[in-house]
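Here's the structure, in structure tokens; my notes come after.
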Amino acid sequence: MALKGPCPALLLPLALLVTCLALSSGQYWNPLNDIFQREHVNNPKNKAINNKVYCNMMMWDRGIFWKYTNTFIHESLKKINAICNVDGIPVGGFKRKSKNSFSITTCTFNPWTFSFNGLSGKKKIVLSCLNGLPVRFVRHI
């Protein structure tokens, strides 16, 4: 007898299996870290003719055009995550300051041109961390 249409009873065991495999991998899933990576990590930096083009492309592509200002970090996840562990200095609460400078681009919305402008440089950064992973970009120094 052939199945007719989708059968939710078959999908439930598959979903449970995937969930169990993910939990047994030993990796802690932190959805705030996923959001942080989407909004702030771009390594290597996407090619663009200038920072204005780069910022407009990144802010719209990543769906964060609603933010007035946003900073992208152009370093590996390993280096960024290390700020929340051995390569960061506690500065109060869950915040940690990087010991080293990072390559960054800060994009700022210009309401007169309805577009984003960008500034690139190397600066130390401050992140909020949760369970050893960055969850929020606080500022650059």
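The values are calculated or read from the model by the stated rules, or taken from the named source; none is laboratory data. The structure presented is a predicted model; accordingly, all values stated were derived computationally and were not measured. Note that each Cβ is placed from the backbone with ideal geometry, even for glycine, and that neighbours are counted across all protein chains shown. Accessible surface areas use protein heavy atoms only, side chains included; no ligands, DNA or RNA. Shrake-Rupley method; radii C 1.70, N 1.55, O 1.52, S 1.80 Å.
First check a/c for the stretch 58-129, with a ≥ b ≥ c the square roots of the eigenvalues of its C-alpha gyration tensor; if it is under 1.5, answer rounded, and if not, answer prolate when a/b is larger than b/c or oblate otherwise. Cα axes put the stretch 58-129 in the prolate bin.
Residues in the stretch 35-141 average 56 Å² of solvent-accessible surface per residue, probe 1.4 Å, ligands and nucleic acids excluded.
Highest mean packing first, where packing is the average number of other Cβ atoms within 10 Å per residue, the peptides 85-91, 48-54 line up as 48-54, 85-91.
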